[in-house]
Amino acid sequence: MNEYVLTIDAGTTSIRCILFDKMDNIVSMSQRPITQYYPEPGWVEQDPMELIDLVRRTISECMSVADPKDCVSIGITNQRETTVVWNRRTGLPVYNAIVWQDKRTMSSCCEIRETYGELINEKTGLMVDPYFSSTKIAWILDNVKGARQKARSGDLLFGNIDTWILWNLTERRVHATDHTNASRTMLFNIERMDWDDELLSLFDIPPSMLPKVHPSRYPFGIVDVCGHKIPINAIMGDQQSALFGQSCFSEGEMKITLGTGGFMLMNTGRTLKRSEHGLLTTVAWTVDDDTQYAIEGSFYAAGSIMEWLRDKFGMVIDVRDTEKIADSVDDTAGCYFVPAFSGLGAPYWEQSSRGMIVGLTLGVGKEHIIRATLESIAFQINDIIDAMVADTNVKPDMIRLDGGVSCNNFLCQFIADITNTKAICADCHEATALGAAHLSGKGTLWDTFTENDCGRTFTPAMSDEERKERISEWRRAIKTAIHWSKI
């Protein structure tokens with residue numbers, strides 16, 4: 001009998017449902033774009049009702065090729081930090097979902113960081129930043145008429161996208177999340193593995209709003225699909241799910257997901273490592289009461305800068321053409337591109353920095369700028385790897401790559417060159433969805449998980465002298481971008 005696991009992958013720009021068989025083959029996939037709203041500069045929103053409608057549509061489309069009775073379980077993976085607040089009685093959001101990229105709480109974060117930054121980092125492993133959920137919740141309560149009063153009376157619920165999907169698919173019966181998503185709210189104590197009362201008081205968020213927190217592998221609820229009851233057995237934040245999907249089960253193993261942004265996680269095992277070099281500490285997953293941790297570094301611009309080249313400058317018609325164009329020149333003619341459109345992420349955390357291209361001469365053409373754009377992704381990766389090595393004293397012997405941007409062979413080779421580390425690009429670009437599928441299907445489709453080193457392999461080919469010079473010039477460009485914001 002054919003058996004499958006369905007993954008709901010709620011990304012930043014699209015909702016996807018993917019049906020996997022026990023050989024990790026994609027049996028079917030449905031994908032629909034999410035409408036993005038930008039009501040003010042730096043604000044990014046989505047319509048929660050559209051999100052759940054897209055989830056239902058893609059489930060139906062994906063399952064049209066299979067008998068629902070053959071689907072043994074469902075896993076959910078999601079864009080983390082994106083915040084929804086809704087009325088538990090009506091089921092309606094009180095405001096649009098505030099997306100993880102949104103910067104509206106920048107000023108309040110700066111104030112909070114000065115007084116409470118160390119306390120929050122100690123409890124949550126996170127930097128105080130608009131990226132995370134807590135200040136988004138507080139903004140909604142403070143700016144939506146009547147919201148704070150309703151929250152205090154117990155009428156409002158909060159959830160990241162996983163919780164919003166779960167609550168709706170279970171017909172409003174289950175208000176819950178998992179450890180990985182909870183650890184991204186800036187409200188969750190990652191040592192005690194529970195919501196932190198002191199932080200809830202600091203942000204003035206009523207505990208009644210918060211979902212119950214469970215391990216990543218857990219019987220979260222039941223979904224009715226075409227009259228067939230299917231259990232949701234796993235929930236994981238997208239980057240932790242990709243770490244799992246890339247088989248990074250051992251301490252020191254690392255994955256990089258290159259999508260809209262770049263997200264790097266290194267498994268630190270059962271040890272909760274505190275970063276001293278601008279990285280985050282987060283929960284990797286909890287399975288069978290066994291919690292593993294990771295350190296994480298993220299940067300905001302990967303696939304988004306490829307789209308910027310296409311949509312804003314018209315330098316390419318198709319982002320896939322950037323590989324060939326970058327290979328058509330020997331170098332960048334001395335120019336460097338710092339893509340700080342929304343500030344700089346790890347390890348710099350300079351939110352007021354802005355993007356710039358430095359080193360321009362009359363000899364620089366669009367081919368050089370395109371190449372510099374791709375190279376900037378690898379340079380950002382190298383900066384984070386250096387910070388990870390400094391924190392852990394572990395130099396990875398391999399980098400596992402996934403995500404749509406990892407299809408670019410020029411970029412993958414340059415990552416290997418500039419980091420001086422072998423890079424393997426997964427055969428299955430849907431590592432995020434596969435991780436949630438594996439965790440959900442544990443004990444049914446899959447009994448054990450083995451590390452998979454298959455994929456396109458890229459070996460470092462750059463000389464040590466050239467590598468050192470290029471990194472030095474890149475960091476001069478970074479310093480220029482940071483200095484610009486302080487003039």
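What to note about this one:
- Residue in the range 210-218 that is open to solvent by less than 10 Å² (accessible area, probe 1.4 Å), under 20 Å from the mean Cα position of the chain (by Cα), under 30 Å from Arg274 (Cβ atoms) and basic (Lys, Arg) present: no
- Any hit, the range 171-184, residues being aliphatic (A, V, I, L, M), under 26 Å from the mean Cα position of the chain (by Cα) and open to solvent by 40 Å² or more (accessible area, probe 1.4 Å): no
- Whether a residue is more than 24 Å from Trp484 (Cβ to Cβ) and among the aromatic types (Phe, Trp, Tyr) was assessed, and Phe337 does not pass this test.
- In the range 149-159, residue least open to solvent (accessible area, probe 1.4 Å) [restricted to those that are in contact (Cβ under 8 Å) with a residue 12 or more places away in the chain and part of a helix (DSSP H, G or I)]: Ala151
- Search result, residues across the range 301-338 that are at pLDDT 90 or above, open to solvent by less than 10 Å² (accessible area, probe 1.4 Å) and in a loop (DSSP other than H, G, I, E, B): Thr332, Cys335
- Filtering the range 286-300 to residues that are in contact with a Lys or Arg (Cβ under 8 Å, 6 or more places away or on another chain) and either open to solvent by 10 Å² or more (accessible area, probe 1.4 Å) or among the hydroxyl-bearing types (Ser, Thr, Tyr) (or both) leaves Thr286, Val287, Asp288, Asp290, Thr291, Gln292, Tyr293.
- Residue check, Gln380 surrounded by fewer than 22 Cβ atoms within 10 Å (Cβ to Cβ) and under 20 Å from Thr260 (Cβ atoms): no
- Annotation: Ser376 fulfils all but one of (1) touching a residue at least 60 places away in the same chain (Cβ under 8 Å); (2) outside any loop (DSSP other than H, G, I, E, B); (3) more than 21 Å from the chain's Cα centre (by Cα); the unmet one is (3).
- Extreme residue, surrounded by the fewest Cβ atoms within 10 Å (Cβ to Cβ), among residues of the range 129-138 that are hydrophobic (A, V, I, L, M, F, W, C) and in contact with an Asp or Glu (Cβ under 9 Å, 6 or more places away or on another chain): Ala138
- Matching residues in the range 5-24 - criterion: being part of a strand (DSSP E or B) and hydrophobic (A, V, I, L, M, F, W, C): Val5, Leu6, Ile8, Ala10, Ile15, Cys17, Ile18, Leu19, Phe20
- Some residue of the range 426-449 being more than 26 Å from Asn78 (Cβ to Cβ), open to solvent by 20 Å² or more (accessible area, probe 1.4 Å), at pLDDT 90 or above and not in a helix (DSSP H, G or I): no
- Top-ranked residue of the range 245-282 - restricted to ones that are among the polar types (S, T, N, Q) and within 17 Å of His179 (Cα to Cα), ranked as most open to solvent (accessible area, probe 1.4 Å): Thr271
- Scanning the range 25-54 for residues that are in contact (Cβ under 8 Å) with a residue 24 or more places away in the chain, of a type in the set (D, E, K, R) and open to solvent by less than 50 Å² (accessible area, probe 1.4 Å) gives Glu45, Asp47.
- Top-ranked residue in the range 410-423 [being open to solvent by less than 10 Å² (accessible area, probe 1.4 Å) and without any contact (Cβ under 8 Å) to a residue 40 or more places away in the chain; ranked as farthest from Leu6 (Cα to Cα)]: Thr421
- Trp349 open to solvent by 10 Å² or more (accessible area, probe 1.4 Å), of a type in the set (Phe, Trp, Tyr) and in contact with a Pro (Cβ under 9 Å, 6 or more places away or on another chain): no
- Enumeration of residues in the range 97-124 that are surrounded by fewer than 21 Cβ atoms within 10 Å (Cβ to Cβ), out of contact with any Ser or Thr (no Cβ under 8 Å at 6 or more places or on another chain) and part of a loop (DSSP other than H, G, I, E, B): Arg104
- Those residues of the range 208-265 which are touching a His at 6+ places or on another chain (Cβ under 8 Å), assigned to a strand (DSSP E or B) and farther than 15 Å from Ala284 by Cα, in sequence order: Lys212, Phe220
The values are calculated or read from the model by the stated rules, or taken from the named source; none is laboratory data. Predicted model, so just to flag it, every value in this text is computed and none were measured. For neighbour counting, all protein chains shown are included, and Cβ atoms are generated from backbone atoms with ideal geometry for every residue, glycine included. What goes into the accessible areas is simple: the full protein's heavy atoms, side chains included, and nothing from ligands, DNA or RNA. Shrake-Rupley method; radii C 1.70, N 1.55, O 1.52, S 1.80 Å.
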